Amino acid sequence: MDHVFFPAFSRVAISGGTHGNELSGVHIVREMQKHNVNQMGSLSVCPILSNPRSIEVCRRYIDTDLNRCFTDALLSTPLTDSSSCELRRAHELNALLGPKGSDRAMDLVCDLHNTTSNMGLCFIIDFLDWILLHMVKYVQIKMPTAPIRVINTNVASKSLSYSVDSVAKHGFAIEVGPQPHGVLRADIYNMMKEAVDHTLDWLNKFNAGTTFEGDKVEVFVWEKSVDYPRDPETSQLTAVIHPKLQDNDFKLLQHGNPIFKTFTGETVNYEGEDLYPFFINECAYYEKRIAFHLAKKETIAFPPISVKKE
Ligand SMILES: N[C@@H](Cc1ccccc1)C(=O)O
Ligand SMILES: CCCCCC(=O)O
Ligand SMILES: [Zn+2]
């Protein structure tokens, strides 16, 4: 693949607390703010707490999920007195870190999340972005023992991307679990902190003119979601994640494998095509009617890249 050149990175944001009870990112950002981290080598770094009001009450959100508020449609919805706290905050964050799709948007936003699912450390991206794939490869090499994967949400277009990181030129989330929401685990905190540090190191090396050789990386591309079995009248759950699926994120799920155990003891088997499950039993997804997501696994080759000399 031909060598690709990108402009140097200048302004990056590290955001935490987009979901107020996902504490690794809240404390990583708080530590950065406490030590006045705002210049790291060639980068100006903006540590920001995305949803201070939800952090204050240690809940995912106040009115609605902030990480679903950044579609073009919602960002151009005029605010009224009845607008949700999070839509109001999304408009503020878009002005601060974006505007989404504009030339003056942040070069990069790294949004920090935790999951109750056994997912290790995942980079969540909306599109194949050579910069982000190189960054992931670098972090994987620097953290060989940690399970580090890439999830592509496969959103249909930039205008339909809905997460806070989508306002930047290069946006992604770092998702680490398992960690209960509202809880801090040292192992999970350290994994996230190390990944953030390596990400910033990579950006400085890139800016300094390092050529990163082409390579390939496995990417899990979102395909569909599966909800819990529910009572058709009441929508109440009638089953839980089967013990044989629980904690087996990213292990191939094959036709006929057990996925749910009903409260009356029956096993429900998976009837779909062989795919990779993730976000299995994520606490915050019950209300979204998601028991787990399913992804295809693809191997993506990416070209050598280096900074474009202005
Ligand atoms: N846990 C995050 C995962 C995510 C990150 C970025 C984009 C889409 C999804 C969320 O549900 O918001
Ligand atoms: C990482 C989560 C993927 C969400 C895919 C969707 O709900 O459209
Ligand atoms: Zn989150």
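Key figures for this structure:
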| read-out | value |
| --- | --- |
| Residue satisfying condition, being of a type in the set (Ser, Thr, Tyr), over 21 Å from the mean Cα position of the chain (by Cα) and at pLDDT 95 or above, within set SER84, SER54, SER50 | SER84 |
| Enumeration of residues in segment 1-31 that are closer than 23 Å to THR210 by Cβ and aliphatic (A, V, I, L, M) | MET1, VAL4, ALA8, VAL12, ALA13, ILE14 |
| Residue check, VAL219 within 19 Å of the chain's Cα centre (by Cα) and over 18 Å from CYS122 (Cβ atoms) | no |
| Number of positions in segment 163-201 that are over 12 Å from ASP111 (Cβ atoms) and out of contact with any strand residue (DSSP E or B) (no Cβ under 8 Å at 6 or more places or on another chain) | 15 |
| Residue list for segment 114-124, restricted to those being surrounded by fewer than 24 Cβ atoms within 10 Å (Cβ to Cβ) and assigned to a strand (DSSP E or B) | GLY120, LEU121, ILE124 |
| Subset of segment 141-160 [crowded, with 20+ Cβ neighbours inside 10 Å and more than 12 Å from the chain's Cα centre (by Cα)] | ILE148 |
| Which listed residue, of ARG53, ARG68, is within 16 Å of ligand 1 (Cβ to nearest atom) and surrounded by fewer than 19 Cβ atoms within 10 Å (Cβ to Cβ) | ARG68 |
| Residue count for segment 236-273, restricted to those that are among the acidic types (Asp, Glu) and surrounded by 13 or more Cβ atoms within 10 Å (Cβ to Cβ) | 2 |
| Filtered residues of segment 242-282 (kept if among the aromatic types (Phe, Trp, Tyr) and out of contact with any Lys or Arg (no Cβ under 6 Å at 6 or more places or on another chain)) | PHE250, PHE260, PHE263, TYR270, PHE278, PHE279 |
| Tally, over segment 265-291, of residues that are within 16 Å of ligand 3 (Cβ to nearest atom), in contact with a Leu (Cβ under 9 Å, 6 or more places away or on another chain) and not in a loop (DSSP other than H, G, I, E, B) | 1 |
| Residue in segment 185-207 that is assigned by TED's automatic domain parsing to the domain that holds VAL29, on the phi > 0 side of the Ramachandran plot and more than 16 Å from ligand 2 (Cβ to nearest atom) present | no |
| Residue list for segment 99-137, restricted to those being out of contact with any strand residue (DSSP E or B) (no Cβ under 8 Å at 6 or more places or on another chain) and within 16 Å of ligand 1 (Cβ to nearest atom) | LYS100 |
| Scan of segment 103-113 for residues that are within 13 Å of ligand 3 (Cβ to nearest atom) and surrounded by fewer than 23 Cβ atoms within 10 Å (Cβ to Cβ), ordered by number | none |
| Residue match in segment 161-169 (condition: modelled with pLDDT under 95, assigned by TED's automatic domain parsing to the domain that holds TYR61 and surrounded by fewer than 22 Cβ atoms within 10 Å (Cβ to Cβ)) | no |
| Test set (1) more than 16 Å from ligand 1 (Cβ to nearest atom); (2) crowded, with 16+ Cβ neighbours inside 10 Å - VAL226 fails condition number | (1) |
| Any hit, segment 144-165, residues being under 18 Å from VAL219 (Cβ atoms), more than 15 Å from ligand 1 (Cβ to nearest atom) and either in contact with a His (Cβ under 7 Å, 6 or more places away or on another chain) or assigned to a loop (DSSP other than H, G, I, E, B) (or both) | yes |
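The values are calculated or read from the model by the stated rules, or taken from the named source; none is laboratory data. Given the structure is predicted, the values throughout are model-derived calculations rather than measurements. Neighbour counts are summed over all protein chains in view; Cβ atoms, including those assigned to glycine, are modelled from backbone coordinates with ideal geometry.
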